[in-house]
Amino acid sequence: MPFTLPSRTPSGPRRRTLLASAAGTLVLAGCSTPESSGDTTGGSPSAADRARARAARDSETLAGHYAAVIAAHPALAERLRPLRAEVVRHAQAFGGADGRPGASSSASASASASASALPSASPAVPAKQKDALGDLASAERALADERTKALLEVPGELARLLASVAAAGAAHAFLLTEGAK
């Protein structure tokens, strides 16, 4: 008797798991504010300030990417606006302005290395909606991975915020690719 596989094998985390993680992320991100960077155990304040400015700038760049895709593909606007709004809130949580690329007042040149993982402030948007969503998902994954790597270099409260936002980015990447199959 041959063994047959189910018609669709889940390839990743279940939707409920991701939604529960995203809900927890929102709770944690809502509790963290830019003024809570007084925890200096595990890193110098200047390193934490640079990491916070880099995170804000990266979120602002990502929000710009979302805006470019929405402008190029208005049919995706309803699907992308909530995700972009979350990215803007992430930038604000890190002390950024309002999600506009380059709006962070504390940006430093030494943090520009992290921007290479993300598309430029005004990325070229693919003509196909599926490709545009794939680009956004890739940008979300790259930024989530980068933030996860940075966790060991920042103090406690900022590390918790980075972890929460990285988890939200991973959930965004999943949501962006879920409907594309």
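Testing the spin-label approximation: label points 7 Å from Cα along Cα→Cβ at residue 47 and residue 129. State their distance in nm.
Inter-label distance under the simple model: 4.6 nm.
Per-residue HN-Hα couplings for region 137-152, Karplus 6.51 cos²θ - 1.76 cosθ + 1.60 at θ = phi - 60°, whole Hz, x for Gly and Pro?
After applying 6.51 cos²θ - 1.76 cosθ + 1.60, I find 4, 5, 5, 4, 4, 4, 5, 4, 4, 4, 5, 5, 5, 6, 4, 6 Hz.
Read the figures in this text as sums done on the coordinates, not as results from a lab. Fair warning: this is a prediction, and the values are worked out from it, not measured in the lab. Note that each Cβ is placed from the backbone with ideal geometry, even for glycine, and that neighbours are counted across all protein chains shown.
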